[in-house]
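The values are calculated or read from the model by the stated rules, or taken from the named source; none is laboratory data. None of these values were measured; they are calculated from a predicted model. Cβ: placed from backbone, ideal geometry, glycine included. Neighbour counts: every protein chain shown. Heads up: the accessible areas ignore ligands, DNA and RNA and are worked out on the full protein's heavy atoms, side chains in. Shrake-Rupley method; radii C 1.70, N 1.55, O 1.52, S 1.80 Å.
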Amino acid sequence: MKNQFDYLVVGSGIAGLTFALKAAKSGTVAIVTKKDKLETNTNYAQGGIACVVGRDDSFDLHVKDTLESGDGLCHPDIVDQVVKAGPQRIRELVELGVGFNLLAEQNGFDLGREGGHSRNRILHAQDMTGKAVEKVLIAAAEADPNIAIFENHLVLDLVVQHQSMKVGSVDLFQQDTCRGAYVLDIAGEEIHTFVANVVLLCTGGAGKVYLYTSNPDVATGDGLAIAYRAGAQLANLEFVQFHPTCLYHPTAKNFLISEAVRGEGARLIDKRGRAFMEKYHPLKDLAFRDIVARAIDTEMKNSGDDCVFLDITHRDAAFLTKRFPNIYRRCLSLGIDITKDPIPVVPAAHYMCGGILTDSSGRTSIDNLYAIGECACTGLHGANRLASNSLLEAMVFSDAAAVACAERLESWRNRELPGVPDCSAKVCAENGSNSEMVMIAHNWDFIRRLMWNYVGIVRTDKRLALALNHIVQIKMELKEHMPNIALSSDLVELQGLALVAELIIRCAISRKESRGLHFNVDHPEKGGPCWLKDTIVKKNAAEEFLSLPTVQWG
Ligand code: SIN
């Protein structure tokens, strides 16, 4: 079956939905999402959206904080674009019905504080901001007759057509154009061809590459793998942000203790009750995230303890239950009363600062392919994202992309292009066996453990080299055996996960310095001006790495 739309949006988080709502004014939109439409990273975002709305705040201050956090790698023009567009995007969310918390006595928003911000500027809906935003956007998308949502649909690969024109031996042009995607209907066990004038990847993060993550299970980096395989440029994948404070509990999976808790005065302490952040940075518990995560890692390694603690017990219980109802309830259900007990926490993989390289409208290096949100690398985050800048970035780029696409839509509709072959097919049992499912489970686990142990918060040359060897082996194993294993979403995700892990390792190996989130004990200092550039990776172009991985033993 061939589905034809103006816009094909992959992902149903804040980026995909915001774009879809705007694009639906100019054309038809299909949103494909691999699980339930609400199962997105956005839905789990607790902290909020950073935006200049406070009387004591200014665009300059937000720009300065973002640049400082990004440690030399932010693109200043993009930072300016995002920060300045913020208030208008927030107004749109409020008009749609998002209920941010208000502060009656100040006649305005109740603004939270998070690490690295010099002012209170985080708009929030208690401690469930993402859920409040997602709910409103989904309702609006479902009410729009120009938008169709396909749940349980997983994109396998993009349809990319290559065109070139030569005169004699001279290449006049070479162009890759994205025309759609091949999509697995998981429930119906069919592959469908979706054809579109524009494809947008809004697939979110890749936290599941690591053993411990704040991300939901869907965050397997699909968009990065799909774009890379299609030949798009990706950048800065070495900059994986570890959130300092995930709940440490044997039965709690992926539960974040929002940085907003530290914004309200919580302090990190060790098991003897000693605060330790003053040893690491003058901003103490509200230092930039890379610094706090590394400090916790150091404390845990030095003490041999399994976790550290976050203590907010000095605040009034009524305030805490009102400001953090979700965190309060969840911790209480596990026997931790945050009004009385310090909360056990550990760092966990949280946000991918790199991604598919885009321009200021979300356009990638492949014609008609856009990327927005966490899967994109726009230049906003540099080497370390400033807390709560990501939902803002997603909204600003969705708007910019929708404007850019609407301007070109008519010409796209009228162009003459070769037809897209309809590769729709039923996934048959005889297409592979289920008897080797253990290979999938084993390799998922192996990759995530490998990345956590060898490519985590603190890296070394040797561990990175070992990690690369292991991942190359796994990829070879998968390549050899995949044709004999039944097609499933687990298999597709694993293939993507292995590729994303390899790209993270390769980027990390190539950056022979420590900057922002990338800390390598063999190169502990920040490098000179030659390192003030993005690490760009592209398929079949190993020479584009800053330096090729050379494995040295002993
Ligand atoms: C948090 O609530 O701590 C997460 C905010 C963010 O990652 O931007």
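A few remarks follow.
- Helices (runs of 4 or more DSSP H) completely within the range 261-355 that count 1 or more residues being modelled with pLDDT under 95: 289-303
- The range 386-402 residues that are over 19 Å from GLY70 (Cα atoms), paired with ones that are more than 15 Å from the ligand (Cβ to nearest atom) and aromatic (Phe, Trp, Tyr) (beta carbon under 6 Å, 6 or more apart): SER398/PHE19; ALA401/PHE19; ALA401/TYR370; ALA402/PHE19
- Any hit, the range 138-158, residues being in a strand (DSSP E or B), in contact with a Cys (Cβ under 8 Å, 6 or more places away or on another chain) and modelled with pLDDT of 95 or more: yes
- Tally, over the range 477-527, of residues that are at pLDDT 95 or above, in a loop (DSSP other than H, G, I, E, B) and hydrophobic (A, V, I, L, M, F, W, C): 3
- Single condition GLU407 does not satisfy, out of (1) farther than 17 Å from VAL199 by Cα; (2) assigned to a helix (DSSP H, G or I); (3) without any contact (Cβ under 8 Å) to a residue 12 or more places away in the chain; (4) more than 16 Å from the ligand (Cβ to nearest atom): (1)
- Between ILE471, ILE457, the distinction of being closer than 30 Å to ASP290 by Cα, within 24 Å of the chain's Cα centre (by Cα) and outside any helix (DSSP H, G or I) belongs to ILE457 only.
- Any chance GLU374 is open to solvent by 10 Å² or more (accessible area, probe 1.4 Å), under 15 Å from the mean Cα position of the chain (by Cα), within 16 Å of the ligand (Cβ to nearest atom) and in contact (Cβ under 8 Å) with a residue 60 or more places away in the chain: yes
- Matching residues in the range 309-334 - criterion: being among the β-branched types (Val, Ile, Thr) and either closer than 22 Å to ARG274 by Cα or open to solvent by 30 Å² or more (accessible area, probe 1.4 Å) (or both): ILE312, THR313, THR321
- Members of the range 234-273 found to be away from the ligand (no atom under 16 Å from the Cβ) and open to solvent by 20 Å² or more (accessible area, probe 1.4 Å), listed by number: HIS249, PRO250, THR251, LYS253, LYS271, ARG272, GLY273
- Test: residue in the range 160-179 that is among the small types (Gly, Ala, Ser), in contact (Cβ under 8 Å) with a residue 12 or more places away in the chain, away from the ligand (no atom under 16 Å from the Cβ) and surrounded by fewer than 18 Cβ atoms within 10 Å (Cβ to Cβ): no
- Pairs where the first residue, in the range 236-260, is more than 20 Å from GLU374 (Cβ to Cβ) and the second is part of a loop (DSSP other than H, G, I, E, B) and within 8 Å of the ligand (Cβ to nearest atom), C-beta under 8 Å, 6+ apart: LEU247/ILE257
- Any hit, the range 354-363, residues being open to solvent by less than 10 Å² (accessible area, probe 1.4 Å) and hydrophobic (A, V, I, L, M, F, W, C): yes
- Of all residues in the range 9-51, those satisfying the criterion of being within 16 Å of the ligand (Cβ to nearest atom) and part of a loop (DSSP other than H, G, I, E, B) are GLY13, THR40, ALA45, GLN46, GLY47, GLY48, CYS51.
- Against the list (1) modelled with pLDDT under 95; (2) buried (at least 24 other Cβ atoms within 10 Å of the Cβ), the condition GLY231 fails is (2).
- When residues of the range 52-64 are limited to those that are open to solvent by less than 40 Å² (accessible area, probe 1.4 Å) and touching a Phe, Trp or Tyr at 6+ places or on another chain (Cβ under 9 Å), the one farthest from the ligand (Cβ to nearest atom): GLY54
- Checking GLN106 against (1) under 20 Å from the mean Cα position of the chain (by Cα); (2) at pLDDT below 95, the condition it does not meet: (1)
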